[in-house]
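Each remark here refers to the structure printed beneath this line.
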Amino acid sequence: MIVLDTHIWIWWADNSSRLTERQHQHIQANQVEGLGVSVISCWEIAKLVELGRLKLSYFVKDWLEQALQYPGVRLLNLTPEIAVESSQLPGSFHRDPADQIIVATARIFNCPILTADSKILNYPHVIKLQ
């Protein structure tokens, strides 16, 4: 399994040209084993829509429902273990709580995260795909 960062999940579900060919290949290669989506990504998408920073083609509730049905998508719930890990990430990591939870989720599941976020890509304590 791989964990999809929120923006990667959005780009893939919306068939955005922002998703690179390499990222698309990672998604295709991991659909059978699972494409993990942290529940915090659902919250993050809803907040971005609320704040007007993300426009979806239809209501956020419907978008999430459909995007969670994509082949291979596996919703990863926030557990106490992930919550604690997100607050105790080794080294220096930025203070975005959604990113902290997504990174902690990847660490707890011991799987790579697919991202284009430079802050995550530069963080040495998680396996990354780009």
Residues of the range 110-130 being assigned to a helix (DSSP H, G or I) and either of a type in the set (K, R) or surrounded by fewer than 17 Cβ atoms within 10 Å (Cβ to Cβ) (or both), which ones?
S118, K119, L121
Would you pick out the residues in the range 39-75 that are open to solvent by less than 50 Å² (accessible area, probe 1.4 Å) and aromatic (F, W, Y)?
W63
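The values are calculated or read from the model by the stated rules, or taken from the named source; none is laboratory data. As the structure is a computational prediction, the values presented were derived from the model and not from experiment. Backbone-built Cβ (ideal geometry, glycine too); neighbour counts: all protein chains shown. The area values use the complete protein model at the heavy-atom level, side chains included, leaving out ligands, DNA and RNA. Shrake-Rupley method; radii C 1.70, N 1.55, O 1.52, S 1.80 Å.
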